[in-house]
Structure formats: C-alpha cells, structure tokens
2 protein chains.
Amino acid sequence: MAGLPTLAVVGATGAVGTVLCELLTGRRNVWGEIRLLASERSAGRKVRCRGEELTVQALTEEALDGVDVAMFDVPDEVAAHWAPIAVRRGAVVVDNSGAFRMDPHVPLVVPEINPEQLRDRPRGIVANGNCTTLAMIIAVAPLHREYGLRELVLASYQAVSGAGQAGADTLHDQLIKVAGDRALGSRAGDVRQAVGDDLGPFPAPLALNVVPWTGLLADEGWSSEEMKLRDESRKILGLPDLKVSATCVRVPVVTGHSVAVHAVFATEIDTDGAREVLRNAPGVIVVDDPAAGEFPMPIDAVGTDPSWVGRIRRALDDPRALDFFVTGDNLRKGAALNTAQIAELLAKDLTHP
Amino acid sequence: MAGLPTLAVVGATGAVGTVLCELLTGRRNVWGEIRLLASERSAGRKVRCRGEELTVQALTEEALDGVDVAMFDVPDEVAAHWAPIAVRRGAVVVDNSGAFRMDPHVPLVVPEINPEQLRDRPRGIVANGNCTTLAMIIAVAPLHREYGLRELVLASYQAVSGAGQAGADTLHDQLIKVAGDRALGSRAGDVRQAVGDDLGPFPAPLALNVVPWTGLLADEGWSSEEMKLRDESRKILGLPDLKVSATCVRVPVVTGHSVAVHAVFATEIDTDGAREVLRNAPGVIVVDDPAAGEFPMPIDAVGTDPSWVGRIRRALDDPRALDFFVTGDNLRKGAALNTAQIAELLAKDLTHP
C-alpha cells in the first residue's frame, strides 16, 4: 500500500454521517480515496465531501475491498454484522454504535484521554463512545488526572438528534403544531392532544416537555443510556469500580447534549484550580461568567468541536466535590468528530511514504 | 370575630394569583369574605373566584382591615414592605416570596411535612417554599423519615412560568419565531438570531435551548435558586447540616418543574421499599413503569395537585442511595396550592362557631 490510506464512511447519509462528510471537508486531509457507503436505498445519491462530489455506493463485501479505515455510523445490529466483515477484508473499523464498546477486546478511545489504547485492537475494531458520555468525559478526565475521581452523579439534557434525523424531524414537526397556541402547556394533556400520535422515535411528545427516558430498559429500572454512561466512563478512565449514578432526560433541543455533573474526588479541590485544569484541557472550552450571561448552552455549542464547560463551583458541603455543567455537540465530539479523530490517528500509522 | 374568616389574596392577578383563584373555586370552602388585592394598575379588574365575580382592589393599608389571613404572591420587595403592615392590621400572612423564608422567626411550612411548625409564628408570617424545593421535598421528606437523609444531589428542569406570566409569554413568542424553520438548531447562534433580542426575564433564548441559570448570582458561583434548594430543604426537614448540591436549569416547558434527585441515606434501602414509602406519602403520586412509557413529565403533571415521582431505583454502586425523577406543577404545589393548604390550616384555628 503506497500513499494515503483509503477511507470508507459506512452510513454516510445519516445524521452523523452527514456531519462526518462536513468534517472531512474542513479538517487536514490525511486520506487517499474516500468511499461513501450506505444502505441500498441511499445508493446513487450524490454527496459533497472534501470538495469532491461523491456517489454513495451500497454497502456490499466488494465495496469494502481495499479500504484501510472504515468509519461505521449505523445501528447496533448493522455494525455487529458488517464490522467483522470489513475487518476480514483488511480494514480497521472505527465504530460509533454500541455493539462493541464494552467488548474487552475492543478499545474504547477518546483521543484526548486514552489514545495509547488504539495500539491494541485484537478484533481490528476501535469503538467510539456514546454521545452523552463523550460530552462529559472530556471534562471529567483531566480533573480525574489531577484529583483522582471517586464518584459521578450525572443528570443529562439530551437533544433530539441523538435519536438521529428522525428525532430532529419529529421535534420540528411538533413545534409547528404547538406554536401560536398561547394557552398550551397549562393543562394536563393539552400538549399531547396538540401533538397527536406521531411521537417519532420517542415515548412521549418532546415539544414543551422533558422526557426522563432515553434508550431501552436495562436492569432494575435503569435505562440502557444510563448504563452506558456508567460502563463507558469506567472503561475510558480505567476505573472499573467508579461509582456512577446517571439520570438521562431528553429535552426539546435539536442538537447539543448537556450534563449537570457532580464529581467527587479523592482529594480536596478548589474551584480556581479546577477551572485552570479545565482551561488547559484539550477539547474543552471554559465558558463561566454567569453574571455576564456566560454558561454552556446548546444553541451556542452546536456546530462547534469542543465541550463547553461552565458553572464550575466546589460543592458547599464537600470540599472533595465539584459541580459543573457541560454542553457538547452530540453529532460532533459526541459522534462524528471523535470518530474522525480516531481514524486520523490510525491513518498516521497506515500512511506509507 | 364570628363565622368564617376573611381571606385576602395579595397579588391576585399574577400567574400564581390566578391559579389561587381557580383553586379557591375547587376546594372545600372555609372562607367568609374573599378580597382580591393587587397593584393600582390592576384595580377594578373583575375576576371570578369561588363562583363569585369579584372586583380587584388596590393594595392599601385600609384594604387590609378586617382581614384574618392574607396570602401574598408578589415580588420579594413588595412582600417585605407589605407583609408586616398586614400583620399590624391583624392578619396572619402566608407569603410565597423569598423575603421571609430563611428568617428564623418565620416558619417555612409544607402541610404534608411539618404542619406543627404553623403554631409558632412570632412575626405573624408563615413562609411558603420555593417552587423547585416544594416539588422535590414532598417526595424526599417521607423517605427521610424512613431512612434518614444525609445528602442530596439535584439537577432541575424548570419551567418558564416559574418566572411568572412574562416567562410563559416569552417562550410562546419564541416558539412562533422558531417553528417551521427545519434547519434551526444545527448551527451555533442560529436560534439566537431567529429569536432576536427579546429574551423576556431570561438571560438567553429558551426555545430549542436549556439555560443552566435561574435566579441571581449568590456566593462562589452558585445561583440564588440553587442556594434556596439547599437552605429551604435544610429548614423544612430540620436538618441544618444536610449536604446539598443543586444545579438549576431552565428548560422550554411552560409549567411543571422537574428534578433529578440522587438522595443518600443513613441506612441501606431497597427500591421496592422506597417505592412503597412514596406510594403511601401524602401529596405524591408514583408513576413508574418505563417499559409502558410511564414516568413523570410536565405535560402530564401540569394542572394537577401532587408531585409525580418515577424512575425510582437504588444506586447501583451505593446501597444507601436512591435515584428518582419528580415533576410538580410549579404554580400549584410549588406555589398556590401550598399557600392555600397553609391558609386553610390557619382558617381552622380562626373559625369561631
């Protein structure tokens, strides 16, 4: 293999795939051929990527021939089936689904935190974290290195595009139905009636509501998303006994996941020291001047790369605990950006001069 | 004084006052005359209350004559000025502002939790809790009695009507501006541009956003609302050393405050036992079957009296900790209902056969 490696984007026409193509246009180019793959249904579509107009191809075994790195942004079951096929055809897979994240033979990598784990990938697959985990962990990891993390209590404010393009479409549809009726939101059931039966991928209306449920039912009343926050935080930080309690809530925001974080450490912290750690952390931007109206919010963080961190303050009743609020673009750092960063690190190893 | 006591509603035309008049219509009648008072500007308005058409009068010293119980739903500074005047004129004041809540000579009463504290009111004033505290404490108190509360970690999802009618109007105005533009919410600043400069009582747009800031700047980066949750929980529960960390966030919901609660107790708990405690708790309704789409949400809880509690589950990594989600109508139990309940307890003592 000579020159620059070949990249395949599998799931190129989804919400995350679309952002991936945008990102590939803006980032430093490390790729030779870029091949866009998707379901039969999307084959033939033209997509602009890196200044070229590319034709989306159907995902087949042959379409994976000659691919060095394959980014997967497809549902869990599609990834579970196709990622091993891509590996057998010679590609390294960077998978954004939940199919492989907790596999002990698959590294779960955040380039700012544990890039060294990329080296050991016995299954040929590297996993990308869940979008809510990524937004939060990028701020938690540098604090852990400084103070020694013991416990996380998390509450999320998750955007509808975390459920894909259908999620975003659903909220926009519902907004049209509720806008203009100034009496709505004041009687039990009035929003349900206005929205009607089309709830899209959600168990309840999102317009004028918050829904304390994302993902599937896991054990003992926990949701799969809440379990991911616990399991993935432990794996990324290398803390198998980390105490984690998370409550995951969907909110009527298009893109931008936020998390209220209460982090307990092994040692005493001070707010200024913690703020300095976060200021120097890669992938983090500190936005923390409430008196001036500056705190992290989805409408500002959407479309940007870093995790926005603010409301940084030591707990009043525990000198070892820090409270803060973080917002990240769930389609970028929460998905496409982290995937691209991992793939670029792999590309460096695969590029032969 | 013979017969039923006279009630004054001070601030009768505001968001909470309006709900108070509705409540007085539906609840068992314990009042003689009901007098509606408000600012000069609202005087002369006709308001239906308890089946009668009443004319709103301007708040003056004379208008308070003969009043036995005065419910105050006005800004802090108005309450601070007028409540002592009403007391001097012979009324017991039930105040919903923040002016007196932390005064050691003013009881802070939630009838389901500490009604006995009503008896000792040296200033003649009884305080009503903050709306976010009330939604949450009604579920926390019975668990405390059973298990002994040690710590609360809270994240709120607060409705815009917590900032009064202006808050609700602002969100409705913004929804009209953002509805129908399906591209909105995907670029930094696009929602700000669509919403324009009219932010109403908020520091940022609420449509398609969450704002991690409510209230004013208190000490060390904490907001006044977050301090209220800590101070009022301690006072209502009689736990001056209770550890509390709260993050207060405004969300695009018209009415219905929600709180993600992580509560740590002195003794081990089990989920079923905790659920049973909550099922038997006054003012609480348990809505907890995620597989069937049943969890507490503002669109269902709005307009109802109880606090809706669900997502009840023991922490996976701490057998002494319980996680749950609670939603309550911030204008009812969070304000008007609790005020009415307190006033009715007072009315019982004041009624002479």
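The values are calculated or read from the model by the stated rules, or taken from the named source; none is laboratory data. Everything numeric in this text was worked out from a predicted model, so none of it was measured. A quick note on method: Cβ atoms are made from the backbone with ideal geometry, for glycine too, and the neighbour counts reach across all protein chains shown. Each accessible area value is taken on the protein alone, full model and side chains, heavy atoms only, with ligands, DNA and RNA left out. Shrake-Rupley method; radii C 1.70, N 1.55, O 1.52, S 1.80 Å.
Can you tell me which residue is nearest to residue B:330 (Cα to Cα) among those in region A:189-200 that are of a type in the set (D, E, K, R) and surrounded by 16 or more Cβ atoms within 10 Å (Cβ to Cβ)? Talk me through it step by step, then tell me what you get.
Initially, region A:189-200 is screened for residues of a type in the set (D, E, K, R), giving A:190, A:192, A:197-198.
Now narrow it down to the ones that are surrounded by 16 or more Cβ atoms within 10 Å (Cβ to Cβ): A:190, A:192.
Details: A:190: 17, A:192: 19 Å.
The qualifying residue nearest to residue B:330 (Cα to Cα) is A:190.
Which residue out of A:246, A:301, A:260, A:291 is within 30 Å of residue B:159 (Cβ to Cβ), surrounded by fewer than 24 Cβ atoms within 10 Å (Cβ to Cβ) and facing another protein chain (nearest Cβ under 9 Å)? Spell out how you get there, then give the answer.
Values: A:246 fails: surrounded by fewer than 24 Cβ atoms within 10 Å (Cβ to Cβ); A:301 fails: surrounded by fewer than 24 Cβ atoms within 10 Å (Cβ to Cβ); A:260 fails: surrounded by fewer than 24 Cβ atoms within 10 Å (Cβ to Cβ).
Criteria check complete, one pass: A:291.
Every residue, every condition in (1) in the same structural domain as residue A:256 (by TED's automatic domain parsing); (2) buried (at least 19 other Cβ atoms within 10 Å of the Cβ); (3) closer than 23 Å to residue A:85 by Cα, yes or no:
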residue	(1), (2), (3)
A:17	no, yes, yes
A:27	no, no, no
A:40	no, no, yes
A:56	no, yes, yes
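Test residue B:217 against the criterion of being open to solvent by 30 Å² or more (accessible area, probe 1.4 Å), at the interface with another protein chain (Cβ under 7 Å from one of its Cβ atoms) and under 30 Å from residue B:189 (Cβ atoms), and give yes or no. Don't jump to the end; show me each part of the working.
Details: open to solvent by 30 Å² or more (accessible area, probe 1.4 Å): yes; at the interface with another protein chain (Cβ under 7 Å from one of its Cβ atoms): yes; under 30 Å from residue B:189 (Cβ atoms): yes.
In short, yes.
Could you look through region A:228-243, keep only residues that are closer than 16 Å to residue B:262 by Cα and within 16 Å of the chain's Cα centre (by Cα), and pick out the one that is nearest to the other protein chains (Cβ to nearest Cβ)?
Ranking the qualifying residues of region A:228-243, first place goes to A:230.
Do any strands (runs of 3 or more DSSP E) entirely within region A:16-94 hold 2 or more residues that are more than 19 Å from the chain's Cα centre (by Cα), and if so, which? Give the steps one after another, and end with the answer.
Working: elements: A:34-38, A:46-49, A:52-55, A:69-72.
Once the strands (runs of 3 or more DSSP E) in region A:16-94 are filtered for at least 2 residues that are more than 19 Å from the chain's Cα centre (by Cα), what remains is A:34-38, A:46-49, A:52-55.
For region B:116-133, state whether one or more residues are open to solvent by 50 Å² or more (accessible area, probe 1.4 Å), touching a residue at least 24 places away in the same chain (Cβ under 8 Å) and in contact with a Pro (Cβ under 8 Å, 6 or more places away or on another chain).
Within region B:116-133, one or more residues are open to solvent by 50 Å² or more (accessible area, probe 1.4 Å), touching a residue at least 24 places away in the same chain (Cβ under 8 Å) and in contact with a Pro (Cβ under 8 Å, 6 or more places away or on another chain).
Quick test of your reading of the structure: residue A:186 fulfils all but one of (1) under 15 Å from the mean Cα position of the chain (by Cα); (2) among the polar types (S, T, N, Q); (3) open to solvent by 20 Å² or more (accessible area, probe 1.4 Å). Name the failing condition by number.
(1)
What's the total number of residues in region A:312-353 that are facing another protein chain (nearest Cβ under 9 Å) and without any contact (Cβ under 8 Å) to a residue 40 or more places away in the chain?
Number satisfying all stated conditions: 2.
Which condition from (1) within 19 Å of residue B:347 (Cβ to Cβ); (2) open to solvent by 10 Å² or more (accessible area, probe 1.4 Å); (3) touching a helix residue (DSSP H, G or I) at 6+ places or on another chain (Cβ under 6 Å) is the one that residue B:13 breaks?
Status for residue B:13: all satisfied but (1).
Filter region A:304-335 for residues that are among the aliphatic types (A, V, I, L, M) and farther than 19 Å from residue A:271 by Cβ; which is surrounded by the most Cβ atoms within 10 Å (Cβ to Cβ)?
A:331
Return the residues of region B:100-115 that are of a type outside the set (S, T, N, Q) and either closer than 18 Å to residue B:331 by Cα or open to solvent by less than 20 Å² (accessible area, probe 1.4 Å) (or both); say none if nothing qualifies. Break it down stepwise before answering.
Quick first cut of region B:100-115, residues of a type outside the set (S, T, N, Q) only: B:100-113, B:115.
Listed by number, the residues that qualify are B:100, B:101, B:106, B:107, B:108, B:109, B:110, B:111, B:112.
Could you please give the count of residues in region A:190-212 that are out of contact with any Gly (no Cβ under 8 Å at 6 or more places or on another chain) and within 7 Å of chain B (Cβ to nearest Cβ)?
Total satisfying the criteria: 5.
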